[in-house]
Amino acid sequence: MDLNTPIEYIKGIGPERAKLIKSTLDLHKVEDFLSYYPIRYIDKSKFYKVSELTEVTHEVSLKGKITDLQEIPYAKGKTRLVAKFRDETGTLELVWFQFSKWLKDQIPINIPVVIFGKAQSFNHLVSMSHPEIQKEEKQMNTEVLFPVYSNSEKLTKRGINNRVFQQALFDIISKLPSFIHENLPANLLKSLKLLSRVESLQNIHFPKNERLLKASDRRLKFEEAFFFQLGYGLKKKHHKTNNVGNPFPIVGDYFNDFYKNHLPFELTNAQKRVLKEIRNDMKLPIQMNRLLQGDVGSGKTMVALLSMLMALDNNFQSCLMAPTEILAQQHYNGLSELLQDTPITLKLLTGSTKTKERRLIHSMLEDGSLNIIVGTHALLEDKVKFKNLGLAIIDEQHRFGVAQRAKLWAKNHIPPHILVMTATPIPRTLAMSFYSDLEVSVIDELPMGRKPIITAHRKEKDRGFVYHFAKDEIAKGRQVYFVYPLIEESESLDYKNLNEGFDKIKDYFPLPDYDVVMLHGKMKPEEKDAAMQYFASGKAQIMVATTVIEVGVNVPNASVMIIESSERFGLSQLHQLRGRVGRGAEQSYCILMTSDKLTQQGRTRIKTMVATNDGFKISEVDMELRGPGDIMGTQQSGIVDFKRLDLVQDGNIIKAAKDCVEKILEIDPFLQYPEHIAMRNYYSQQYKGKNKWSKIS
Ligand code: ADP
Ligand code: MG
């Protein structure tokens with residue numbers, strides 16, 4: 001037997017059962033079985049007496065004898081199999097509603113047995129249906145915790161019950177030492193006090209005791225985390241040695257002039273630090289691949305601009321790609337203003353750029369007269385060619401697919417440096433896993449003088465007060481957002497809500513004292529832009545919008561964010577939306593409107609939002625609520641395809657594994673040391689080509 005042995009050769013399986021198991025559970029080889037870990041364990045060391053079973057409804061083991069086996073008809077054409085089970089304290093009824101002749105013949109009569117199953121008491125009569133039965137001398141006596149495997153009804157009906165799985169795994173486990181080899185270095189096992197691979201696999205299926213079960217679990221989790229990190233680590237090393245990039249040796253006039261004469265504020269220390277990190281990367285003839293994380297409002301755009309100026313100082317063009325037209329437009333407006341007294345050329349390219357302008361942009365990019373281009377996906381089109389693209393910046397990266405990013409790489413014969421910016425804070429464990437092949441910079445500080453946003457939860461009955469409050473703020477010169485949920489499945493209904501909301505708000509905030517604009521995804525780009533401009537210029541005091549404003553929109557005078565039906569939004573979305581206020585010097589407010597009834601999850605989300613402004617804390621709660629898969633979007637949910645490792649719970653293990661991998665690759669980047677050979681072999685057999693996560697870069 002080895003890992004590749006088909007399951008029909010495992011004891012107790014055979015060709016017929018193998019076929020069923022393969023089609024139902026997708027387990028084909030010994031290897032699959034071995035990693036088909038138990039979902040829980042039952043402590044069979046405790047034996048109950050029949051007399052103790054009056055109220056019990058859980059799974060129990062008993063010792064005794066079976067007697068009086070008979071078939072009893074109970075409905076037309078149907079019989080059940082019934083027997084008595086006796087011990088010295090009483091009698092229990094055993095029942096089989098489905099049975100075959102084979103099963104009936106298997107039942108040992110009048111000899112000592114151990115039975116196991118769920119006892120039920122009904123009308124003072126205790127019974128157990130479909131018990132597992134073992135002859136007493138046959139018990140696997142070293143183990144006390146028995147594995148329970150996830151199974152399907154289809155299989156149990158055909159006699160492939162938990163017992164069959166136990167037997168099969170027992171067979172595998174007993175032969176394990178002949179074909180399972182250690183894959184982690186001995187000194188690592190020793191220093192981290194990890195069980196050997198064989199021992200942990202044995203004990204995960206048949207734990208000798210609780211302590212060994214825990215230790216096995218830890219070892220197997222570590223192993224998963226370790227090889228996952230190793231994959232990334234190798235990729236990163238590989239990237240560094242193989243990905244040639246354009247070195248930007250100088251910081252010159254464009255940067256220095258802007259820094260001295262046009263920078264409207266002092267950079268925060270975090271912005272300075274991050275810029276240094278970027279500068280140090282781009283100095284080298286190696287392509288930069290960096291993620292810039294910074295909470296909403298932390299000032300990532302300025303870092304992007306200054307980085308682009310460094311590229312320009314070295315005679316390279318840059319592009320800044322945003323996920324939405326509104327955001328691209330806003331970046332363009334903001335950068336134009338900042339660069340207005342400089343000779344730097346800047347243009348905007350989106351899906352709605354007119355043909356004439358588009359042609360001009362294409363030719364300016366190609367002859368090198370355009371320094372910086374801001375845009376949307378339109379930048380990715382094949383027609384968009386650069387003379388020498390040196391830096392590509394992607395804002396709010398979680399909205400872009402990996403394939404799209406790869407397109408940017410191909411825009412220059414030496415690929416441009418890549419800076420990916422995101423305000424979606426992700427939990428530490430996820431960052432360590434998900435972004436393992438990117439260098440990460442974090443802006444962990446907001447610009448001075450920002451007042452924390454005050455967040456409140458209000459219900460329908462408070463609506464009058466909320467409107468009144470909005471009026472007060474408007475009277476002080478502030479502006480207000482009302483956001484309505486728009487979730488695709490119920491789109492038409494949502495639009496109805498949005499339109500009704502718009503009408504209601506216009507009634508309450510009438511012309512000429514108030515002006516209200518609406519913004520949603522179905523508007524034409526020019527209309528969106530006009531609405532945004534109208535609001536940004538201060539002509540309208542109120543914007544009624546959908547989540548199209550979620551990302552990036554920057555109107556510092558807007559200080560009140562009212563989110564309707566906020567229980568329908570996810571945490572990270574709420575956090576993004578809230579980030580649209582609190583961008584100026586004024587005290588800002590976020591009001592979360594909900595219906596009176598909230599689900600448990602909904603309540604947790606609202607509570608979390610009220611309790612903290614810290615995006616990282618929010619992301620931790622979010623991950624606990626939704627699981628890590630959803631956080632990164634369905635597109636990338638393969639990321640959490642771990643068998644045992646839990647990204648929410650196992651932060652420490654992940655950290656330890658990451659540290660170990662880094663140390664190993666530091667001294668032996670090609671895994672050539674004798675003590676690393678086993679690890680390298682295991683990795684190349686198990687993970688090469690299978691590494692789903694390598695898609696991210
Ligand atoms: P985000 O990181 O969410 O993209 P932005 O780049 O849009 O944040 O910056 C938010 C606001 O803060 C902008 O109005 C920007 O001009 C301002 N800002 C950025 N850096 C600083 C700073 N160091 N001091 C003061 N204001 C800043
Ligand atoms: Mg931004």
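Observations on the structure shown:
- Flag for Gln202 being away from ligand 2 (no atom under 16 Å from the Cβ) and buried (at least 19 other Cβ atoms within 10 Å of the Cβ): yes
- Scan of the range 457-480 for residues that are in a strand (DSSP E or B), touching an Asp or Glu at 6+ places or on another chain (Cβ under 9 Å) and closer than 20 Å to Asp596 by Cα, ordered by number: Lys459
- Verdict on Asp281 being in contact with a helix residue (DSSP H, G or I) (Cβ under 8 Å, 6 or more places away or on another chain) and either within 15 Å of ligand 2 (Cβ to nearest atom) or among the charged types (D, E, K, R) (or both): no
Yes or no, residue by residue, for (1) surrounded by 20 or more Cβ atoms within 10 Å (Cβ to Cβ); (2) away from ligand 1 (no atom under 16 Å from the Cβ):
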| site | (1), (2) |
| --- | --- |
| Val251 | no, yes |
| Glu266 | no, no |
| Lys272 | no, no |
| Asn280 | no, yes |
| Gln287 | yes, yes |
| Asp295 | yes, no |
| Gln317 | yes, yes |
| Leu320 | yes, no |
| Leu335 | yes, no |
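- Number of the exception - Asn554 against (1) under 29 Å from Lys459 (Cβ atoms); (2) surrounded by fewer than 21 Cβ atoms within 10 Å (Cβ to Cβ); (3) within 16 Å of ligand 2 (Cβ to nearest atom); (4) under 28 Å from the mean Cα position of the chain (by Cα): (1)
- Among the residues listed as Leu370, Leu391, the single one being part of a loop (DSSP other than H, G, I, E, B), away from ligand 2 (no atom under 16 Å from the Cβ), more than 30 Å from Leu645 (Cα to Cα) and modelled with pLDDT of 95 or more: Leu370
- Members of the range 7-33 found to be touching a residue at least 24 places away in the same chain (Cβ under 8 Å) and surrounded by fewer than 19 Cβ atoms within 10 Å (Cβ to Cβ), listed by number: Lys11, Gly12, Leu20, Thr24, Lys29, Glu31, Asp32
- With a requirement of 1 or more residues that are open to solvent by 80 Å² or more (accessible area, probe 1.4 Å), the strands (runs of 3 or more DSSP E) lying completely within the range 47-128 that satisfy it span 59-75, 78-87, 113-122.
- Hey, Pro247 over 24 Å from His417 (Cα atoms), more than 16 Å from ligand 1 (Cβ to nearest atom) and in a loop (DSSP other than H, G, I, E, B) or not: no
- Residue within the range 612-632 that is open to solvent by less than 20 Å² (accessible area, probe 1.4 Å), at pLDDT 90 or above and of a type outside the set (Ser, Thr, Tyr) present: no
- Sole exception among (1) in contact (Cβ under 8 Å) with a residue 60 or more places away in the chain; (2) more than 16 Å from ligand 2 (Cβ to nearest atom); (3) within 26 Å of the chain's Cα centre (by Cα); (4) open to solvent by 10 Å² or more (accessible area, probe 1.4 Å) for Glu567, by number: (1)
- Single residue of the range 337-356 satisfying the filter (open to solvent by 40 Å² or more (accessible area, probe 1.4 Å) and within 16 Å of ligand 1 (Cβ to nearest atom)) that is farthest from Arg580 (Cα to Cα): Gln340
The values are calculated or read from the model by the stated rules, or taken from the named source; none is laboratory data. This structure is a prediction, so every number in the text was calculated from the model and none was measured. All Cβ positions, even for glycine, are placed from backbone atoms using ideal geometry, and neighbour counts span all protein chains on display. These accessible areas exclude ligands, DNA and RNA; they are computed on the full protein's heavy atoms, side chains included. Shrake-Rupley method; radii C 1.70, N 1.55, O 1.52, S 1.80 Å.
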